[in-house]
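This report refers to the structure that appears directly beneath it.
The values are calculated or read from the model by the stated rules, or taken from the named source; none is laboratory data. Keep in mind it's a predicted model, so treat the numbers as computed, not measured. Glycine also receives a Cβ, built like all others from the backbone with ideal geometry; neighbour counts cover every protein chain displayed.
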Amino acid sequence: MRSSRSPRRLVASLIAVPLLLAAAPATATAARAQIAAVSSTVASEFAVDVIAHRGSSGVAPENTSAAIKAAVQQDADFVEIDVQRSKDGRLVNFHDCTLVRTTDVEERFPGRPSYRVSDFTWAELRTLDAGSWFHPDFAGERIISVGDVIKQVDGKTGLLAEISPCGHYEGLPADLDAELRSIPGYVDEALAAGELAVQSFEVDDAKAFKTLQPRIPIGLLDADRPTEAELVELSGWADQVNPQWTVTDSALVARVHQLGMDINVWTVNEPGTMRRVDDLGVDGIITDFPQSLTNR
Ligand code: G3P
Ligand code: CA
């Protein structure tokens with residue numbers, strides 16, 4: 001799913017700066033020359049897609065417009081989002097199955113029997129404050145729709161849309177397919193730029209989406225290490241295997257590549273771990289802190 005807009009992301013900043021500090025050049029000009037030289041060396045050796053998890057969710061409230069704006073500014077290759085559906089059918093970008101952790105829903109709608117995203121209309125969801133829980137500076141940030149996300153990223157960065165695993169939904173793959181088709185030219189242009197992919201923890205949802213949109217790369221998320229049998233089965237229809245970084249090693253990366261798929265690992269927030277998984281040869285790093293990889 002390599003983006004052609006920003007090909008082969010470099011883990012230069014993490015690696016080059018410590019080397020430069022150790023070398024201690026005599027002048028600023030010499031330092032800049034050394035930075036350029038080291039960065040160029042690193043550029044040929046290290047490459048990875050930077051995927052902003054729920055937007056740049058380390059610096060702004062997850063899945064809001066502010067988090068996506070930060071990811072674009074930080075030059076992330078992809079923004080990862082979570083697709084759910086409101087009571088009246090709007091596709092919304094929200095991670096948790098309920099609204100409680102990251103909004104003021106309990107104060108605004110006290111006594112509701114359920115606080116699931118799918119129990120609220122789009123109009124109700126739009127009244128919620130999805131920013132104050134993160135920091136007072138983000139008070140008033142709103143829940144946004146998948147359509148809003150696409151308007152924000154279209155032509156600027158890639159989109160990795162996760163079909164929510166919240167178990168009570170029916171038909172989310174078809175709804176996401178319809179949403180993507182409703183935006184004239186988006187799918188064709190995003191695919192031409194290598195800037196669109198979909199992922200899911202649910203095999204059935206991933207397969208259903210792949211049937212509807214065979215051209216869009218599809219990934220299967222996995223918290224556990226996929227078995228050999230699972231990998232072989234996946235290679236028959238999936239384009240990506242996206243495991244938790246803790247279960248990822250060089251043998252897994254090599255086997256996924258041998259089977260013709262990409263591998264994107266989540267959720268990697270420590271610079272040392274970013275360097276280790278990059279060394280394994282993964283194709284993408286899903287992170288709350290894309291700026292640690294892009295140095296923007
Ligand atoms: O993209 C990987 C990651 O998003 C999967 O976990 O729970 O953050 O959606 P989660
Ligand atoms: Ca996700």
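Counting only residues that are over 22 Å from residue 153 (Cα atoms) and away from ligand 1 (no atom under 16 Å from the Cβ), how many does the range 117-128 have?
Taking the range 117-128 first, the residues over 22 Å from residue 153 (Cα atoms) are 117-121, 123-124, 127-128.
After this cut, where a residue has to be away from ligand 1 (no atom under 16 Å from the Cβ) as well, the list is 118-121, 123-124, 127-128.
Number of matching residues: 8.
For the range 85-103, the set of residues classified as crowded, with 21+ Cβ neighbours inside 10 Å and either within 13 Å of ligand 2 (Cβ to nearest atom) or under 15 Å from the mean Cα position of the chain (by Cα) (or both) consists of 93, 94, listed by residue number. Taking the condition assigned by TED's automatic domain parsing to the domain that holds residue 202, at pLDDT 95 or above, in contact with a helix residue (DSSP H, G or I) (Cβ under 8 Å, 6 or more places away or on another chain) and within 16 Å of ligand 1 (Cβ to nearest atom), does residue 102 pass? The answer is no for residue 102. Before we move on, is residue 220 more than 16 Å from ligand 2 (Cβ to nearest atom) and modelled with pLDDT of 95 or more? Here the answer is no, as residue 220 does not meet what is asked.
Yes or no, residue by residue, for (1) within 17 Å of residue 283 (Cα to Cα); (2) within 16 Å of ligand 2 (Cβ to nearest atom):
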{"residue": "162", "(1), (2)": "no, yes"}
{"residue": "168", "(1), (2)": "no, no"}
{"residue": "177", "(1), (2)": "no, no"}
{"residue": "184", "(1), (2)": "no, no"}
{"residue": "194", "(1), (2)": "yes, no"}
{"residue": "200", "(1), (2)": "no, yes"}
{"residue": "206", "(1), (2)": "no, yes"}
{"residue": "236", "(1), (2)": "no, no"}
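Each residue in the range 62-84 was checked for being away from ligand 1 (no atom under 13 Å from the Cβ), of a type in the set (D, E, K, R) and buried (at least 24 other Cβ atoms within 10 Å of the Cβ), and 1 pass. Take the residues in the range 218-232 that are over 12 Å from residue 242 (Cα atoms) and touching a Leu at 6+ places or on another chain (Cβ under 9 Å); name whichever of them is surrounded by the most Cβ atoms within 10 Å (Cβ to Cβ). Checking each candidate, the answer is 230.
Comparison of 258, 291 shows that the only residue that is without any contact (Cβ under 8 Å) to a residue 24 or more places away in the chain and more than 16 Å from ligand 2 (Cβ to nearest atom) is 258.
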